[in-house]
Amino acid sequence: MSVPLPAPDPEVYAEVPADPDGLLAGYRAGRNQETLFGPTGDAGDRYDEFVDETGDVREVWRDLAEAVARRGRTGLDRLRGDVLTLIDHDGISYTPVEAAPDAGGVDTTDPRPWRLDPIPFLISSADWDTLEAGLVQRSRLLDAVLSDFYGPRRALTSGAFPAQLLFAHPGYLRAARGIEVPGRHQLFMHGCDVSRPDGDGFVVNADWTQAPSGAGYALADRRVIAHAFSELYEQVAPRATSPFAQALRLSLIEAAPEKAEDPVVVVLSPGILSETAFDQAYLASLLGFPLVESADLVVRDGKLWMRSLGTLKRVDVVLRRVDAAWSDPLDLRADSRLGVVGLVEAARRGAVTVVNTIGSGILESPALLRFLPELAQELLGETTLLPTVQTYWGGIDVERSHLLANLGSLLIRSTVGGPDIIGPNLSSVRRESLAGCITSEPWKWIGQEFAQFSSAPTAHQRGGLSSAGVGLRLFSVSQRGGYAPMIGGLGYVVAPGPGSHTPNTVAAKDIWILPTTAAGVQAEAPAPAADLAPVRPVSAAGIRAVSSPRVLSDLFWTGRYAERAEHMARLLTVTRERYHEYRHRQYSDASECVPALLTALGQLTGTDTGSGGDRAEMIATTPTTLWSLTTDRARPGSLAQSIERLGRVARGVRDQMSNDTWMVLAAVDRAVLPLASTTPNSQVIADTQMAAAHSGTLAGMLALAGVAAESMVQDVGWTMMDIGRRIERGLGLSALLRATMTTARSPESDQAITESTLVVCESAMIYRRRNLGKVSVAAVAELVLFDAENPRSLVYQLERLRANLRALPGASGSSRAERLVDEISTRLRRIDPEDLEATDSDGTRAELRGLLDGVNEGLRELSTVITATQLSLPGDIQPLWGPDQRRLLP
């Protein structure tokens, strides 16, 4: 039985509401059993954000406590489910990436759903004022450090920072010296991890300046929690995070070179294999700037260009999400495939602004944490408002002694790059070896106390309310005269026990900053830097479409994979239904339709489905074959593989797609992909699961087609996606008809096969209405090959292809692709449907087979031509610094 909390003091707190499920009491009991990581003792030493020492709910959290108590355990479970559903619908994901330094960090597993705690983290307005002031000062300090390190280097000459710690760290890039960001600030965006180890204040655990991630997640988290926990959101009325996106957008425009009149801004991403690919795409969508990859950009004549609509469009500002060392294979890492050749030189010339600036990674050096107080005095003449986690440098005798004496309780970090070493995890032999390394080269080592986190309520797992350590990542962006913070940020629940030693995040948390006014009414926040002197008016140039080969290729294959999945779902459904109809009537001629459909599946996927074998054996193995074709991601052409690849290419162009797309794709993923890891206990269960997967896929692909038709701008990208869809539909139709209709069989077999084929082609109803039960190859061909009014017919696909190809930029009316479509159309016009009935002595309809083979071959050649002419990168993408400089190149 739950023990109720002590009665609160009525003079201080309002009365705690009834808590029939004991959620609040369970929280207190659970935190007393929690084990705090490291040598600091039990959970009693950890500051609790939610309740005070007597167990009373703190004033800041009382509205949340009341809301949770009213919901009860069932309501809390429902809230958790609502959050998961919203994450699923929005396609919010995180991709775990294994360390892959030799490949630029691209080794990856499949994206996993974003983990978001449904309980927000609340911060009072007074605490936020402290955090905001400390964050803004820290941003100014790091900006001054960055400017000094790549400029006059006062910090080195004065002795405030040891020179070897600057030049030996991999974050310091000599190629970046001379690059300047327009305006007053060199540090554009700053991420700062803070926590509250006790009730006395906050401590900074890390700074992120290379390519800070998480702002997109923070904005997405707010949207989810505000919808899922709407009654609490309306009651508390936390200060909005959305103004940060507008501030970031304006700052990016302001960062353009002076000569840029209508700046073009892009967000440079490593691609969908990046662990924070969603964060990048979501932020780009909010900002309204194109999300590009290295293949979309090229440096020519000393300037940066983006491929767009078959031409090159000048780029003025790049929001960089590729680590600096990988951003230019010419001046930096030659093995990088994530950067743009010549980007460093273009930035040095002032032709493009790259933010965060190339070289800003030096500010993430662990050694810098130790010397920031001295640097604040040297460069700003100020004392830091937010203290930094305690750090010891081996280059100072007394600190080295402490470091060596406490190796087993510190986080050991290299000042010259390399993985962090967890002291408590070291064996005695490894500890002794590490001590020898520190003694021999002490300046290369830093010892850091482990971050300490306060406790806060969490409900990310099923059950009641529990206590967990919580950290905060705050963000700021440079403005004309200072730095504007995000009002809130990205919270995170840290792993319990030893897992807290590493950045092992269990779940994210939305951060709510309470309003400063009474009764939950938030005052309007002043616009950033509104009181500063105006600067030159500037606006960003709009981008109608990003049509680089990479983007068009992803959209082309989005269309193909979507159509492939729809066609496979239809064919698998009909095959499964015919199997159940004829599995006990194998003696009938009509049962021949099952092997015929299996043959079609084999020809579509290029895999063995037992075609050509004994009819009884094929029918007997049909369930196993269908299960494999539905769930096996490694099987070419399978339903699971098509859906997996559809999701992959769609994520690559997330900023081009409607938000509703992710609701559709998430539902299809849930219907099919989890089956690969299941083993049904019976054939009945397997059949039920397959039926749900097939119907779910079909519904999803039809919905996706509707979203594409009604919610996407029908620009060149949409046109290319529709081209992919039409080619795939023509390929599927020709392969299906070849497998089912080109061999003459008994009337009963032909009847069953014809009806099954028409169902797969979504043309059975109109066929029956026109032919009143008559089975005729000529009639089928007339409908599914030659009827221009049937949107499932081959002629219809060719007409759409012809129109789409003419709509592409640079279409001449006589390109190779257009001629191929005309050749296929001409071949169809020369055919009389009645001639397709004729059979050879062996029962083969040679005329029909020849036609279908020619159509299939022509469509495959069309795909190859389009890939070569529209979807392939040009061979010459080397940097050209202008005609006057070319002669100077070796």
- [ ] Considering only segment 229-241, state which residues are closer than 23 Å to Ala126 by Cβ and out of contact with any Gly (no Cβ under 9 Å at 6 or more places or on another chain).
- [x] Leu232, Tyr233
- [ ] Select, from Ala778, Ala811, the only residue that is part of a helix (DSSP H, G or I), at pLDDT below 95 and either of a type in the set (Gly, Ala, Ser) or buried (at least 18 other Cβ atoms within 10 Å of the Cβ) (or both).
- [x] Ala778
- [ ] Look at segment 413-455 and say how many of its residues are β-branched (Val, Ile, Thr) and either on the phi > 0 side of the Ramachandran plot or in a helix (DSSP H, G or I) (or both).
- [x] 3
Task: Failed item in (1) over 28 Å from Pro162 (Cβ atoms); (2) in a helix (DSSP H, G or I); (3) at pLDDT 95 or above, with Phe371 passing the rest - done: (1)
- [ ] Identify, by number, the condition in (1) within 24 Å of Ala281 (Cβ to Cβ); (2) under 25 Å from the mean Cα position of the chain (by Cα) that Leu304 doesn't meet.
- [x] (2)
- [ ] Examine segment 636-649 for a residue that is within 30 Å of Arg249 (Cα to Cα) and among the aliphatic types (A, V, I, L, M), and state whether such a residue exists.
- [x] yes
TODO: Would you be able to say whether some residue in segment 237-253 is more than 24 Å from Ser213 (Cα to Cα) and surrounded by fewer than 21 Cβ atoms within 10 Å (Cβ to Cβ)?
DONE: yes
- [ ] For segment 370-381, state whether one or more residues are surrounded by 20 or more Cβ atoms within 10 Å (Cβ to Cβ), of a type in the set (A, V, I, L, M, F, W, C) and in contact with a strand residue (DSSP E or B) (Cβ under 9 Å, 6 or more places away or on another chain).
- [x] yes
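Residues are listed down the side, and each one gets a yes or a no for (1) under 17 Å from Asn659 (Cα atoms); (2) without any contact (Cβ under 8 Å) to a residue 24 or more places away in the chain; (3) touching a strand residue (DSSP E or B) at 6+ places or on another chain (Cβ under 6 Å):
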site	(1), (2), (3)
Ser711	yes, no, no
Leu731	no, no, no
Ser746	no, no, no
Ala752	no, no, no
Ala764	no, yes, no
Task: Candidate set from segment 10-61 (those that are over 19 Å from Gln452 (Cβ atoms) and among the aromatic types (Phe, Trp, Tyr)); member that is modelled with the highest pLDDT - done: Trp61
- [ ] Could you grab me the full set of residues in segment 119-172 that are hydroxyl-bearing (Ser, Thr, Tyr) and in a helix (DSSP H, G or I)?
- [x] Ser125, Thr130, Ser139, Ser147, Thr157
Task: segment 814-834, subset free of Cβ contacts under 8 Å to residues at least 12 places away in the same chain and within 13 Å of Gly858 (Cβ to Cβ), residue surrounded by the fewest Cβ atoms within 10 Å (Cβ to Cβ) - done: Thr826
Task: Matching residues, segment 843-861, being in a helix (DSSP H, G or I) and of a type outside the set (Asp, Glu) - done: Ala846, Leu848, Arg849, Gly850, Leu851, Leu852, Gly854, Val855, Asn856, Gly858, Leu859, Arg860
Open item on the list: Of the residues Ala206, Ala168, only one is surrounded by fewer than 18 Cβ atoms within 10 Å (Cβ to Cβ), in contact (Cβ under 8 Å) with a residue 60 or more places away in the chain and either acidic (Asp, Glu) or assigned by TED's automatic domain parsing to the domain that holds Ile253 (or both); which?
Closed with: Ala168
Open item on the list: The conditions are (1) over 47 Å from the mean Cα position of the chain (by Cα); (2) at positive phi, and Glu762 fails exactly one of them. Which is it?
Closed with: (1)
- [ ] Would you check if Glu234 is out of contact with any Asp or Glu (no Cβ under 6 Å at 6 or more places or on another chain) and touching a residue at least 40 places away in the same chain (Cβ under 8 Å)?
- [x] no
Task: Evaluation of Leu820 against (1) out of contact with any strand residue (DSSP E or B) (no Cβ under 8 Å at 6 or more places or on another chain); (2) assigned to a loop (DSSP other than H, G, I, E, B); (3) farther than 26 Å from Leu698 by Cβ (one fails), failing number - done: (2)
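The values are calculated or read from the model by the stated rules, or taken from the named source; none is laboratory data. Just so we're clear, the structure is a prediction, and the values are computed from it rather than from any experiment. Quick reminder, even Gly has a Cβ in these numbers, built from the backbone with ideal geometry, and neighbours come from all protein chains shown.
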